[in-house]
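Input: a single structure, listed below in structure tokens.
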Amino acid sequence: MKSDKDEEELNKIPAINAFLENFVLIEAGEFMMGDAEIKYAIQHKVSLNSFYMQATTVTQEFWEQIMGNNPSHDKTNRDNPLTNISWYDCQEFIKKLNALAAKKYRLPTEAEWEYAARGGKLSKGFEYAGADDLDEVAWYIGNSEFKIHPVAKKKPNELGLYDMSGNVYEWCHDWHKNYSNKNQNNPKGPSNGDTKVLRGGCWYYNSMFCQIARRSYLSPDDKGFDIGLRLVLSVE
């Protein structure tokens, strides 16, 4: 006999199934990670296996369906990115989602994030994720009217990924450390550290922070009105 809790969990399955349709295959490839013009972003060759990436950041609606709460600072639209969550909060969400979906979702590595933002094998070498004109692809201080915006309202990048520049910063798996200039294969960052990597820029900052190779970092305990998450799934 199913308990009320079992029924509640089963009711989440339609939302999860819809969520599963919102992922894009990122085909394996090589790229030059980093940017010679950006301090602490030493260029180096990286090779990656194929993986799936969520086309948008996790929305407030989906987080609430899984977790039963909405910690976001601005709750005016449930299609807005989920915000105000720490790196550790992301791990709790992923743990619960994986139990419900019987999958192994996770945060992207920093290398996976940058490769996908650059457009993977379809990259056209843009400065931002999908264009050289930031207004086409991102919400930032120059056009956001000082507020967050619903996901997928700007043009996607070459792979069909939305808002990888601007709107909200995105947590990555990796501990933060200066890059090595050596070639790397599926790097996962250092084994320990004090801060975790954030990528992408946000609605509150200027265009410089939206550059694809630009790196940011915070303690994994930190939260912010401009910090969200986007998930990936390894190709088995």
Review point. Does the range 108-130 contain at least one residue that is more than 22 Å from LYS45 (Cβ to Cβ) and of a type in the set (D, E, K, R)?
Key: no
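This table checks each residue for (1) aliphatic (A, V, I, L, M); (2) modelled with pLDDT under 95; (3) touching a strand residue (DSSP E or B) at 6+ places or on another chain (Cβ under 9 Å).
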site	(1), (2), (3)
GLY193	no, no, yes
LYS196	no, no, yes
GLY200	no, no, yes
TRP203	no, no, no
ASN206	no, no, no
PHE225	no, no, no
LEU231	yes, no, yes
Revision key, fill the gap. Listed by first then second residue, the pairs whose first member lies in the range 20-39 and is free of Cβ contacts under 8 Å to residues at least 12 places away in the same chain, whose partner is assigned to a loop (DSSP other than H, G, I, E, B), with beta carbons under 7 Å and at least 6 positions apart or on separate chains, are ALA36/GLN43
Exercise for review: Confirm whether ILE42 is assigned to a loop (DSSP other than H, G, I, E, B) and surrounded by 15 or more Cβ atoms within 10 Å (Cβ to Cβ).
Suggested key: yes
Exercise for review: Scan the range 207-217 and give yes if some residue there is among the β-branched types (Val, Ile, Thr), part of a loop (DSSP other than H, G, I, E, B) and surrounded by fewer than 19 Cβ atoms within 10 Å (Cβ to Cβ), otherwise no.
Suggested key: no
**Study point:** Test for LEU107: is it within 18 Å of THR56 (Cα to Cα) and touching a Gly at 6+ places or on another chain (Cβ under 7 Å)
**Key:** no
Check your understanding: at negative phi, assigned to a loop (DSSP other than H, G, I, E, B) and touching a helix residue (DSSP H, G or I) at 6+ places or on another chain (Cβ under 6 Å), is that true of PRO187?
Key -> yes
**Study point:** Answer from ASP174, ASP221, ASP163 - the residue that is touching a residue at least 40 places away in the same chain (Cβ under 8 Å) and surrounded by fewer than 17 Cβ atoms within 10 Å (Cβ to Cβ)
**Key:** ASP221
Review point. Residues of the range 73-93 being of a type in the set (Ser, Thr, Tyr) and either closer than 16 Å to LYS196 by Cα or buried (at least 16 other Cβ atoms within 10 Å of the Cβ) (or both), which ones?
Key: THR83, SER86, TYR88
Check your understanding: Is the range 195-203 home to any residue that is in a loop (DSSP other than H, G, I, E, B), in contact with a Pro (Cβ under 8 Å, 6 or more places away or on another chain) and closer than 21 Å to GLU112 by Cβ?
Key -> yes
Check your understanding: When you go through ASP79, ASP89 one by one, which is the residue that is of a type in the set (Asp, Glu), touching a residue at least 60 places away in the same chain (Cβ under 8 Å) and in a loop (DSSP other than H, G, I, E, B)?
Key -> ASP79
Check your understanding: Quick one: in the range 94-117, which of the residues that are in contact with a strand residue (DSSP E or B) (Cβ under 7 Å, 6 or more places away or on another chain) and assigned to a loop (DSSP other than H, G, I, E, B) is surrounded by the most Cβ atoms within 10 Å (Cβ to Cβ)?
Key -> PRO108
Practice item. Find all pairs meeting these conditions: Cβ atoms under 9 angstrom apart; at least six residues apart or on different chains; first residue within the range 100-111 and of a type in the set (A, V, I, L, M, F, W, C) and at pLDDT 95 or above; second residue buried (at least 17 other Cβ atoms within 10 Å of the Cβ) and assigned to a helix (DSSP H, G or I). Key: LEU107/TRP87; LEU107/CYS90; LEU107/ILE94; LEU107/TRP113
Point to revise | Matching residues in the range 19-47 - criterion: being out of contact with any Pro (no Cβ under 8 Å at 6 or more places or on another chain), modelled with pLDDT of 95 or more and hydrophobic (A, V, I, L, M, F, W, C) | key: PHE23, VAL24, LEU25, ILE26, ALA28, PHE31, MET32, MET33
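The values are calculated or read from the model by the stated rules, or taken from the named source; none is laboratory data. Source: prediction; values computed, not measured. In this analysis, Cβ positions are derived from the backbone assuming ideal geometry, glycine residues included, and neighbour counts consider all displayed protein chains.
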